[in-house]
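For reference, the structure is listed below as structure tokens.
Here, each number is a calculation from the coordinates, and none is a lab measurement. Quantities reported herein were computed from a predicted structural model and do not represent experimental measurements. Every residue, glycine among them, receives a Cβ derived from its backbone with ideal geometry; neighbour counts consider all protein chains shown.
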Amino acid sequence: MSLDIGDALRSGIDAVTSEDGLLVGAVFLLYSLGSLVVNESLAAELLTLVFESGVYTAEQRAAIESFGGTSPFALGVGLPVTAVLVVVVALAGELVRYWAIRTFAGPAETATGGLGDRAVMAVVLGGTIALTTLLFQSVLPVVGQLGGLATTLVGSIAGPLGGLVLVTVFVYLRQEIALNDDGYGATVRNSVARFLDDPVSIIVLLVILGLFGLLGSLPGLLVGFLGATDTVLTIVSRLLATLLGTVFQVLGVAVVTDAYLQVRASARESAA
């Protein structure tokens, strides 16, 4: 087997708790706070769009808002401006991930010397995956409610499922961008090839990371289940969820980077 799940997890934890890992975590936290603001702004604008369509009654709207439907960090600048901010933050996130991957992998595993050599590709390819995933997982389930029951079901099921498939198949795309020096087409093909080298192991690893990531959502879920509407409590829970989510997001980058290095090394040995 080309991917050792236990070794990837151990190496990822070691990387996150290292000096470089703490630096990466601090930068990711700043990015996550910005992402929190724009994501809540997008959620608020989409919910307003749905509410204004008359799909929900006043009672249903109140129930949604009581179950964590409020957005205390929303900017309230309108959907067009919010959409632009979402794109900007998503692309900035790709640059942060690009730098983090190169930091965790180290110079010996990086085919290009300059940090900016592949930054444009990281924004173009990584940004495309990030924005498409956001469209599937966050936009379609909400917008689908505008068309009635059928489109609501399609958006709620097909959207998250499509995003999950996209994230899984291209799990190594960002590592391929950051650590190799091929062109756009070859980079995409190679990333898929690395996934196909050992798909079962990486899927199991992603499930494990996903379970870790669920811990980050516990504060918000707890507030929602309790039906708490206090603004201060909501803000504190969102900030705590962002902090926990950042820790597991950085861990995910480190673990997947180690997994990629394992399968790449195995592929090179097989080709030799």
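Only the Cβ atoms of Lys and Arg (+1) and of Asp and Glu (-1) were treated as charged; on that basis the dipole of the chain about its Cα centre amounts to roughly 240 debye. Give the Debye-formula value of log10 I(q)/I(0) at each listed q (0.14, 0.17 Å⁻¹), with one equal scatterer per alpha carbon of segment 69-188, two decimals each. Per q value, in the given order, log10 I(q)/I(0) is -0.71, -0.91.
Label-to-label distance, Ala26 versus Asp7, with points set 7 angstrom from Cα along the beta-carbon direction: 3.2 nm. At an R0 of 41 angstrom, the distance between the Cβ atoms of Val87 and Ala267 translates into a FRET efficiency of 0.75. Taken over the C-alpha atoms, the chain has Rg and Dmax values of 19.7, 66 angstrom.
In cubic angstrom, how much convex hull volume per residue do the alpha carbon atoms of segment 11-53 span? Can you show the working numbers first?
Working: hull volume 2.5 nm³, N = 43.
Residue-normalised Cα hull volume stands at 59 Å³.
When the chain is described by a simple charge dipole with +1 on each Lys and Arg Cβ and -1 on each Asp and Glu Cβ, the residue from Gly78, Ala111, Ala178 located farthest towards its positive end is Gly78. So, in nm, how far is label Ile235 from label Thr17 when the simple model puts each one 7 Å beyond its Cα toward the Cβ? Simple spin-label model gives 3.5 nm for this pair. Seen from every direction in turn and averaged, the convex hull around the alpha carbons of segment 117-271 projects onto 11.4 nm². Going 7 Å from the Cα of Thr128 toward and past its Cβ, which residues in segment 178-213 have a backbone nitrogen under 11 Å from where you end up? Under 11 Å, as judged by backbone N against the label point of Thr128, lie 184-189 of segment 178-213. When the charge dipole of the chain is built from unit charges on Cβ atoms (+1 for Lys and Arg, -1 for Asp and Glu) and taken about the Cα centre, the candidate among Ala241, Ala122, Gly144 whose Cα reaches farthest toward its positive end is Gly144.
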